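Inspection log for the structure reproduced underneath, given as structure tokens.
The values are calculated or read from the model by the stated rules, or taken from the named source; none is laboratory data. These numbers were taken from a predicted model, which means no experiment stands behind them. Backbone-built Cβ (ideal geometry, glycine too); neighbour counts: all protein chains shown.
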Amino acid sequence: MKDKEMLLDGQQQKTGVSRRIFLKTVTGTVAGIGISQMFNPALVLALEKALETHPVLWIQGQGCTGCSVSLLNCVDPSIADVLLKVISLQFMPTVMASEGDTALNNLYHIAEKYKGKFSLVIEGAIPMAANGKYCVIGELNHKEITMVDIVKDLGPKAGSVLAVGTCAAYGGIPAASGSETGATGVRNFFQTYGIKTPVVNIPGCPPHPDWIVGSIAHLLTKGLPELDNDGRPNIFFGDNIHDNCPHLDEFDSGIMSEKLSDAKGCRMDIGCKGPDTYADCYNRKWNSGMNWCVDNAVCIGCVEPGFPDASSPFYEPA
Ligand code: FSX
Ligand code: SF4
Ligand code: SF4
């Protein structure tokens with residue numbers, strides 16, 4: 001069975017899958033599983049080994065913290081299980097208790113101790129204008145440390161980097177038209193400074209928690225996932241939303257929604273950007289499999305490199 005056929009969404013898991021598919025799923029690769037299937041013994045063993053040697057450091061620049069919140073909303077597995085059993089998360093500004101010099105010293109200490117092995121998660125864009133002064137993330141020995149400083153320091157030392165969220169991947173909202181901060185994504189930043197560490201983009205504004213946890217688990221157990229031209233794992237971003245949308249038949253028959261509250265109809269005329277967007281939201285869904293953007297509104301193409309300018313205005317046809 002192909003990896004993509006085994007990507008089970010939250011709903012399918014709750015309503016039950018056949019025993020045959022379940023067994024194939026839990027004995028498959030991380031790439032091929034629904035995230036809540038993560039705790040099969042072989043995988044837990046692999047992750048436990050990785051936990052001892054491959055910590056994850058999460059730093060945050062220009063963003064709204066929605067990416068952190070999305071991860072913290074992970075319910076299946078619970079965020080407690082994710083943090084304790086899947087990710088050895090040693091530094092994360094939104095949840096950690098330590099602060100100031102202590103926190104930053106610890107960050108640098110872990111990066112040095114696990115040089116070449118730790119995974120660096122970068123949330124938010126990196127503002128390069130004005131010497132990086134648009135985003136100061138802390139102080140060390142009374143010296144301001146900017147996002148530019150920290151990514152320049154830790155980027156080359158990391159074994160791998162995950163650019164979490166569209167801001168970190170491509171610049172996103174902080175880099176939208178009118179921005180004066182020189183906001184840019186990680187790959188572009190690395191190119192500017194000749195940093196060679198491999199980068200996995202996990203876009204989405206915010207990204208789905210499964211995309212974040214699944215990509216980290218893949219990195220820890222199987223190495224780099226296969227990426228598309230925009231640096232995104234094909235396992236989550238390989239397919240087009242429009243081609244797989246439940247409204248495709250209505251689109252083909254010319255049955256179109258005219259307003260957001262219409263229950264029926266393709267939503268292209270009210271601004272859906274599904275035809276230009278690649279992600280598995282139509283299948284995985286959001287809020288633990290409850291719904292997704294096209295159920296209640298439209299797809300605004302939040303995982304694409306041109307977001308938000310390329311999909312604006314959101315509620316008008318492309
Ligand atoms: Fe960006 Fe993260 Fe959008 Fe927000 O901080 S991807 S603005 S949802 O959350 O970086
Ligand atoms: Fe395509 Fe959007 Fe219409 Fe679905 S609602 S068929 S994704 S345009
Ligand atoms: Fe983003 Fe579209 Fe997925 Fe919604 S449906 S999360 S806008 S890619």
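Please specify each residue of the stretch 285-297 satisfying the condition of being away from ligand 1 (no atom under 16 Å from the Cβ) and either in contact with a Ser or Thr (Cβ under 8 Å, 6 or more places away or on another chain) or within 21 Å of residue 249 (Cβ to Cβ) (or both). Answer for the stretch 285-297, where residues must be away from ligand 1 (no atom under 16 Å from the Cβ) and either in contact with a Ser or Thr (Cβ under 8 Å, 6 or more places away or on another chain) or within 21 Å of residue 249 (Cβ to Cβ) (or both): 285, 291, 294, 295, 296. Residue-level check: of (1) within 22 Å of residue 234 (Cα to Cα); (2) within 16 Å of ligand 1 (Cβ to nearest atom), residue 309 misses just (1).
Of 174, 203, 207, all but one fail to be away from ligand 3 (no atom under 16 Å from the Cβ) and not small (Gly, Ala, Ser); the exception is 174. Taking the stretch 292-307 as the range and being farther than 24 Å from residue 258 by Cβ, near ligand 3 (Cβ under 10 Å from one of its atoms) and not acidic (Asp, Glu) as the test, the residues that pass are 303, 307.
A Cβ distance below 8 Å, combined with a sequence gap of six or more or placement on separate chains, defines the contacts here; from the stretch 62-79, residues that are outside the structural domain of residue 182 (by TED's automatic domain parsing) reach no residue that is in a strand (DSSP E or B) and of a type in the set (Asp, Glu). Taken as a whole, the structure leaves residue 241 outside the set of residues that are more than 15 Å from ligand 1 (Cβ to nearest atom), surrounded by fewer than 24 Cβ atoms within 10 Å (Cβ to Cβ), modelled with pLDDT of 95 or more and among the hydrophobic types (A, V, I, L, M, F, W, C). Residue pairs whose Cβ atoms lie under 7 Å apart, sitting 6 or more positions apart in sequence or on different chains, and linking a residue in the stretch 272-290 that is closer than 11 Å to residue 236 by Cα to a partner that is more than 8 Å from ligand 3 (Cβ to nearest atom) and in a strand (DSSP E or B), are 278/240.
Contact map, the stretch 81-109: first residue at positive phi, second residue surrounded by 14 or more Cβ atoms within 10 Å (Cβ to Cβ), Cβ cut-off under 9 Å, separation 6 or more or different chains; pairs are 100/138; 100/140. What's the total number of residues in the stretch 137-166 that are buried (at least 24 other Cβ atoms within 10 Å of the Cβ), part of a strand (DSSP E or B) and small (Gly, Ala, Ser)? Qualifying residue count, the stretch 137-166: 1.
May I ask you to verify whether residue 217 is away from ligand 3 (no atom under 13 Å from the Cβ), closer than 30 Å to residue 49 by Cα and either under 17 Å from the mean Cα position of the chain (by Cα) or not assigned by TED's automatic domain parsing to the domain that holds residue 118 (or both)? When the stated conditions are applied, residue 217 passes them. Residue count for the stretch 196-245, restricted to those that are free of Cβ contacts under 8 Å to residues at least 40 places away in the same chain and within 16 Å of ligand 2 (Cβ to nearest atom): 4. Inclusion of residue 193 among residues that are more than 16 Å from ligand 1 (Cβ to nearest atom), among the aromatic types (Phe, Trp, Tyr) and outside the structural domain of residue 70 (by TED's automatic domain parsing) is not warranted.
Output the residue which, of all residues in the stretch 220-234 that are under 21 Å from residue 301 (Cα atoms) and surrounded by fewer than 23 Cβ atoms within 10 Å (Cβ to Cβ), is nearest to the chain's Cα centre (by Cα). Write out each step before concluding.
Let us first name the residues in the stretch 220-234 that are under 21 Å from residue 301 (Cα atoms), namely 227-234.
Add one more test, that the residue is surrounded by fewer than 23 Cβ atoms within 10 Å (Cβ to Cβ), and what stays is 227-231, 233-234.
Numbers: 227: 13, 228: 14, 229: 16, 230: 13, 231: 12, 233: 10, 234: 13 Å.
Among those residues, the one meeting the criterion is 233.
For the stretch 52-100, a tally of residues being more than 16 Å from ligand 3 (Cβ to nearest atom) and under 25 Å from residue 145 (Cα atoms) returns 24.
When 169, 111 are screened for being within 16 Å of ligand 3 (Cβ to nearest atom) and either surrounded by 16 or more Cβ atoms within 10 Å (Cβ to Cβ) or in a strand (DSSP E or B) (or both), only 169 passes.
Residues of the stretch 299-312 include at least one that is surrounded by 17 or more Cβ atoms within 10 Å (Cβ to Cβ) and acidic (Asp, Glu). Restricted to the stretch 253-291, and to residues there that are within 14 Å of ligand 3 (Cβ to nearest atom) and hydroxyl-bearing (Ser, Thr, Tyr), the residue that is nearest to residue 228 (Cα to Cα) is 278.
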